[in-house]
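A short write-up of the structure that comes next.
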Amino acid sequence: MAVLSLNNICFSYKDTPVLNDVSYDFERGKMYCIIGKSGAGKTTLLSILSGLAKPKSGSIMYDGRNIKKIDKYKFRSKYIGVIFQSFNLITKFTALENVILSMNIAGYRQQKKRDKALELLKSVGLDENEANRRVLKLSGGQQQRVAIARALSYDAEIILADEPTGNLDSETQNEIMAIFRALADSGKCVILVSHSPEVAAMCDEKYELIKYSKKTKK
Amino acid sequence: MYIIKNAFKCIGRSRGRNILIGVIVFVIAVSACIGLSIRQAAESAKSDTLEGLTVTATISFDRQKAMNDIIQNAENDNSSENSGRPSFDRDKFSDFMGESSSLTLDEYKKYAEAKSVKDFYYSISTSFNGNDDFLPVSNDSSSDDEDTSSETESNRGPGGFFQPPEDIRNQMMGAQSDFTVVGYSSEEAMTSFIDGTATIVDGSVFTEGTSDAECIISQELANYNSIAVDDTITLENPNNEDESYEFTVVGIYTDSSSNESSFSIMGATSTDPANSIYTSYAALHTILDASGENSETVTDDTTGREFSTEIKSTLSATYVLSDVDSYNKFTEEVRELGLDESYNVTSSDISSYESSLVPLETLSKLAGYFLIVVLLIGAVILIVLNIFNIRERKYEIGVLTAMGMKKFKVALQFLTEIFVVTIVAVIVGVGVGGVSSVPVTNALLENQVAAESNQFNKIEENFGRPGNMIPNGNMVPNDMPQAQNGRPGNFFDENEVTDYINEIDEAMNLTVVFQMLGIAVLLTIVSGAVSMLFIMRYDPLRILANRD
Ligand SMILES: Nc1ncnc2c1ncn2[C@@H]1O[C@H](COP(=O)(O)OP(=O)(O)O)[C@@H](O)[C@H]1O
Ligand SMILES: [Mg+2]
């Protein structure tokens, strides 16, 4: 059964329609790719999936429940982990602090948050020295890793990632993709948004998002 | 709680901004602290002075009101004449004063029944002349003349202040005379002997309540006339040379206040404390009764007014009240007991207490305004700073809410940050304010006292008498025989330069600390409310999208 599904989603920014009648299903244990050209509305779709934007029409179901009926803060902080295209880290905090903050917001109960956070950061390729550096002083690639570590920190069932490999060289890209693979294999639902066919090829399933224009469908 | 940890982290990470806010709050805190301390000092000075203040009150005729009433009536009567300035009807006034100005002893006693009255005593004050063997102490050689009831004295007191016309004065207190003889109802009434201003140096005080003509006289007077204890003195009715009375001197006293030469400028010999003769009320009353029986009515050659040769006397009664509350109760009770509106209850203790507080209270009032201004300006600055702060941290708010942090928690974090910075600045401010509040208050107070005294001196310069404010604003001329303080021999006590409270030793106390805490919370709420408003309004998607 689908853990997350979009049913006939329509969305527009004021007068400019972006999404028209989008219906996707996402299941646990699988890695999905939403592929589309720049400006197709991938990020917009991701905002809707993460509950930050409300669709004009259509519904989003989480585990068979309409997310309208779920507390949006709980949904954002516990059920889904989002890796934003622009990372959205607190830049005056260190990498470690960003990860721990997410755990705190999620109400994540574990004694050794710091240890787990460091472990996570290490798994995405940041050593302790880098983990204790302020985000402002990390490179784009490093920031992306922090964002990934943060999304994974509270064991959300669904991982959403907006161009997660955009700033990475192919070697690290493969490392990161391996992490997502492992997550999917462990039973999580991983949804990647990308313009890269290379990434799409590594996924179990892909949905193609086509830029909305008059009377285009599917 | 991670929100608090976050708040502290955020304070540390934006030191510059927080130091700026801190400095502003610090300045507000120091100013507010000094302002509050001044108010507190005024408050404590008030209650400290009030404690242990036994209030004595007197009932006096409101002359100002009577005059106004007469003027009012004259205006109404003369409205057709349109003479511009209403003319003052002196005849009417003197009738008025003569008939109704003083209460009778029975009336005084009636008001003494009021529950609030702790003790009650009275005295009667009269004027007598001496004779060749017994002369008043005087600096003025002309008054050596036994008949000093000077027709030549003008109606102008020293410095030109208006005094009632001669005939009114005569009617009220007898002609200008040599001695003031005061009869006391009880020993309590002899306040100057109780408070230590006067002491018996030879003999003893007359027997309390005696109707024998026993008296005590001042040492100056005794020396001047070579009188010793057990000698007899003869006093004459100033209105009738043929009427005289004998007193036995049973004691001689010194009055420290009589050494002050300033009294002699007042002209009237009888008002010199050295020329005060004290006896018991009963003894004096017996004499007055006798004088009343002997009296005849004569017509004054110059004014044509008729008056009795009876010895004029002024009765004054003093009510002792245990505290200011009782005093306030007393002022109401006397009305219930039927005291006419044209009489006022006054208390020199309270008026001197009040005037001693004037500079401090003025300062306190100014401090209050200052406090309001400082807080208002401070609040505006903090609000503006917080708006900038919030706008700058929009993105942070967006991230936190996108991460699923509830908006009220974000707001709470921001509020905590503001509160911590504010409270630290306030604590430092209270410390600095506490240390500086006493010297600052005293310096300000010194200025205020100087300003007040200056005004006092101006009054003296312009009106020829010390400015003596009675609580209701009536100016009481110095030579009114109504003893405001139950010490008829010593009308001048009140006019001594007011002993202003001109120093405080402790301004800060727990109340001020709590008030400052309140101010800290208030400032946090005021500036925090703006943050809240912005945080609640922000949509994370829009903030995050705008950044791309
Ligand atoms: N906040 C916004 N307001 C108005 N239009 C927007 C906004 N964000 C994106 N768009 C428009 O919506 C379309 C989809 O954008 P986006 O979802 O970011 O595409 P993608 O992520 O696929 O590149 C684009 O044409 C973009 O210009
Ligand atoms: Mg995008």
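Pairs exceeding 32 Å between alpha-carbon atoms, taken from A:K69/A:K137; A:K72/A:K206; A:K74/B:K9; A:K72/A:K122: A:K69/A:K137. Applying both filters, DSSP loop and at most 14 other Cβ atoms within 10 Å, to the GluC sites (Glu not before Pro) of the stretch B:303-408 gives B:E341. Computed 3J(HN,Hα) for the stretch B:25-39, one whole-Hz value per residue from the Karplus formula 6.51 cos²θ - 1.76 cosθ + 1.60 where θ = phi - 60°, is 4, 4, 4, 4, 5, 4, 4, 4, 5, 5, x, 5, 4, 4, 5, glycine and proline marked x. Taking Lys and Arg as +1 and Asp and Glu as -1, the other residues whose beta-carbon sits under 14 Å from that of B:V420 total +4. Pairs over the 19 Å Cα-Cα cut-off, from the set A:K54/B:K394; A:K42/A:K188; A:K78/A:K116; A:K42/A:K211: A:K54/B:K394; A:K42/A:K188. Points 7 angstrom from Cα along the Cβ direction at B:L522 and B:Q455: gap in nanometres? That separation, rounded to one decimal, is 2.7 nm.
The distance between label points at B:T210 and A:D185 comes to 12.6 nm (points 7 Å beyond Cα on the Cα→Cβ vector). Once you reduce the stretch A:87-108 and the stretch A:5-42 to the center of their Cα atoms, the two points are 28 Å from each other.
Given in Å, the Rg to one decimal and the Dmax to the nearest whole number for the Cα atoms of the stretch A:2-217 are 16.9, 55. For the peptides A:145-151, A:3-9, the ranking by packing is A:145-151, A:3-9, with the highest mean count of neighbouring Cβ atoms within 10 Å listed first.
How high is the FRET efficiency from A:S86 to B:D539, r the C-beta distance, R0 22 Å, rounded to 0.05? The computed FRET efficiency comes out at 0.85. Protection proxy ranking of B:324-331, A:55-62, B:24-31, by the mean of other Cβ atoms within 10 Å over each peptide's residues and highest first, is B:24-31, B:324-331, A:55-62. Between B:D231 and B:T54, residue separation times 0.36 nm minus the direct Cα-Cα distance comes to 59.9 nm. Summing charges over neighbours of B:I19, with a neighbour being any other residue whose Cβ is under 15 Å away from its Cβ, gives +2 when K and R count +1 and D and E count -1.
Cβ screening of chain A for cysteine pairs under 4.7 Å finds these without a partner: A:C10, A:C189.
In chain A, the calculated helix contribution to ellipticity at 222 nm averages -9000 deg cm²/dmol per residue, counting -39,500 (n - 2.57) for every DSSP H run with n ≥ 4.
Using a 7 Å offset from the Cα along the Cα-to-Cβ direction at both B:T299 and B:D106, what is the distance between the two label points in nm, to one decimal? Those two pseudo-labels are separated by 3.4 nm.
Shielding by partners for peptide B:397-410, expressed as the average number of C-beta atoms from other protein chains within 10 Å of each residue's C-beta, is 6. A cut-off under 15 angstrom between Cβ atoms defines the neighbours of B:L105, and their net charge, with Lys, Arg +1 and Asp, Glu -1, is -2. The order of the peptides B:198-210, A:95-107 by mean Cβ neighbours within 10 Å, most packed first, is A:95-107, B:198-210. Put one equal scatterer on each alpha carbon of the stretch B:313-463, apply the Debye formula with no solvent term, and list log10 I(q)/I(0) at q = 0.12, 0.14, 0.15 1/Å to two decimals. Calculated log10 I(q)/I(0) at the listed q: -0.83, -0.95, -1.01. Distance from the C-alpha centroid of the stretch B:313-348 to that of the stretch B:366-412: 56 Å, rounded to the whole angstrom. Under 16 Å from a label point set 7 Å out along the Cα-to-Cβ vector of A:I210, the amide N atoms of the stretch A:33-59 belong to A:35-42.
Here, each number is a calculation from the coordinates, and none is a lab measurement. What you are looking at is a predicted structure, and each value in this text was computed from that prediction instead of being measured. No Cβ is skipped: glycine too gets one built from the backbone with ideal geometry, and neighbour counts run over all protein chains shown.
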